[in-house]
Amino acid sequence: MAKFTISTLDKMKAAGDKFVCITAYDATFSRLISEVGAEAILVGDSLGMVLQGHDSTIPVTIDDMAYHTDCVCRADPQCLVIADLPFMSYTSPQDTMVNATKLMQAGAQMVKMEGGVWLSESISMLVERGIPVCAHLGLTPQSVNTFGGFKVQGRTPKEAKSILADAVEIQDAGASLLVLECIPAHLAADISRKLDIPVIGIGAGAGTDGQVLVMHDLLGLSDHTPRFVQNFMEGQPTIKAGLQAFVNAVKDGSFPREEHTYS
Ligand code: KIV
């Protein structure tokens, strides 16, 4: 079967069809997520919390990310595989290039970085050398200490304006995809309409082009359930059925609902 690529997501955005991304960190879940029809897998640095038991993503290293990207890609999923560049692995364009290369050589088709305007030079440099980039704005978990906790972003007009300006800038720099995390639904919908590139939301309402959730959250395995998460295992006989329920709910528009969004 043909692999999903960034062109698949571009076409889905143009057609108004919602696409689905789920985090995975190993070959078994990579295969299951592919079998239920998700278009993308994110090898997220959330693995620091859900696999390694840390209270943030900050301890995750580039070697951790390359190892789990390799595990995910060994299942040869149909999904587009995006891998996170971890904390402090992309502070300079040179470091960014060296570390993004490790993730691409582990099998990823795109790398993700948290941040806005300050990443422009690195984004252009990667894209010019053949490494597609997904940017991540809003609640960027690697900056949890700057935010003073895992807090909703973009609630004041000033913050909202700055997130929108960052989004336009990273698109102009060459990013192919954007994740918006924990921002008000109206702001995420506005950014999704204004950008040509596909936008994936998590805790950002129903107006984005696609949705992503951390796999452990949607399977009801996490000890803390944020407002934007639904436990898709409820009433389902198997893990695969739970994953399928999430994919179906995004595609038929029944997730996320008002109760999962921030205003
Ligand atoms: O690391 C991760 O899983 C992520 C998602 C929360 C989008 O970045």
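Only one of the numbered conditions (1) under 22 Å from Leu9 (Cα atoms); (2) within 13 Å of the ligand (Cβ to nearest atom); (3) in a loop (DSSP other than H, G, I, E, B) is not met by Phe87, and that is (1).
Condition check: surrounded by 21 or more Cβ atoms within 10 Å (Cβ to Cβ) and of a type in the set (A, V, I, L, M). Does Ile82 satisfy that? So Ile82 passes the test. Scanning segment 98-124 for residues that are out of contact with any strand residue (DSSP E or B) (no Cβ under 6 Å at 6 or more places or on another chain), part of a helix (DSSP H, G or I) and not polar (S, T, N, Q) yields a count of 6. Filtered by the rule that a residue be within 14 Å of the ligand (Cβ to nearest atom) and surrounded by fewer than 21 Cβ atoms within 10 Å (Cβ to Cβ), segment 112-142 gives Gly115, Thr140. A residue that is under 24 Å from Arg129 (Cα atoms), at pLDDT 95 or above and not acidic (Asp, Glu) occurs somewhere in segment 50-62.
Okay, residues lined up against (1) surrounded by fewer than 19 Cβ atoms within 10 Å (Cβ to Cβ); (2) under 30 Å from His54 (Cα atoms); (3) without any contact (Cβ under 8 Å) to a residue 40 or more places away in the chain:
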| position | (1), (2), (3) |
| --- | --- |
| Val144 | yes, yes, no |
| Thr156 | yes, no, yes |
| Gly174 | yes, no, no |
| Pro184 | no, yes, no |
| Gln236 | yes, yes, yes |
| Gly242 | no, yes, yes |
| Phe246 | no, yes, no |
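Do we find that Gly107 is touching a Cys at 6+ places or on another chain (Cβ under 7 Å), more than 15 Å from the ligand (Cβ to nearest atom) and at pLDDT 95 or above in this structure? Walk me through it before giving the result.
On the way: touching a Cys at 6+ places or on another chain (Cβ under 7 Å): yes; more than 15 Å from the ligand (Cβ to nearest atom): yes; at pLDDT 95 or above: yes.
Yes, satisfied.
The single condition among (1) surrounded by 21 or more Cβ atoms within 10 Å (Cβ to Cβ); (2) at pLDDT below 95 that Pro256 does not satisfy is (2).
For segment 218-232, which positions are in contact with a helix residue (DSSP H, G or I) (Cβ under 6 Å, 6 or more places away or on another chain) and within 17 Å of Leu243 (Cβ to Cβ)? Residues satisfying the conditions are Leu218, Leu219, Ser222, Val229, Phe232. Gly130 meets all of the listed conditions (1) in contact with a strand residue (DSSP E or B) (Cβ under 6 Å, 6 or more places away or on another chain); (2) over 19 Å from Ser46 (Cα atoms); (3) among the small types (Gly, Ala, Ser); (4) part of a loop (DSSP other than H, G, I, E, B) but one, namely (1). Here is the figure for segment 171-223: residues that are more than 15 Å from the ligand (Cβ to nearest atom) and of a type in the set (Val, Ile, Thr) total 2. So if I check each of Asp63, Asp76, which one is within 23 Å of Ala100 (Cβ to Cβ), away from the ligand (no atom under 15 Å from the Cβ) and not in a helix (DSSP H, G or I)? The conditions single out Asp76. The set of residues in segment 26-45 that are closer than 24 Å to Lys251 by Cα, touching a residue at least 60 places away in the same chain (Cβ under 8 Å) and within 12 Å of the ligand (Cβ to nearest atom) comprises Ala40, Leu42, Val43, Gly44.
Scanning segment 198-234 for residues that are assigned to a loop (DSSP other than H, G, I, E, B) and within 14 Å of the chain's Cα centre (by Cα), which turns out surrounded by the fewest Cβ atoms within 10 Å (Cβ to Cβ)? Before the answer, list the steps.
Taking segment 198-234 and keeping what is assigned to a loop (DSSP other than H, G, I, E, B), we get 198, 203-209, 214, 219-234.
Restricting the remaining residues to those that are within 14 Å of the chain's Cα centre (by Cα) gives 198, 203-204, 208-209, 214.
Numbers: Pro198: 24, Gly203: 27, Ala204: 33, Thr208: 27, Asp209: 23, Val214: 21.
Among them, the one singled out is Val214.
Scanning segment 187-195 for any residue that is closer than 22 Å to Met12 by Cα and surrounded by fewer than 14 Cβ atoms within 10 Å (Cβ to Cβ) turns up at least one such residue. Scanning segment 107-146 for residues that are over 19 Å from Thr57 (Cα atoms), polar (S, T, N, Q) and touching a Ser or Thr at 6+ places or on another chain (Cβ under 8 Å) yields Gln109, Ser122.
The values are calculated or read from the model by the stated rules, or taken from the named source; none is laboratory data. No experiment lies behind these values; they were computed from the predicted model shown. Counting neighbours? That spans all protein chains shown, and the Cβs are built from the backbone with ideal geometry, glycine included.
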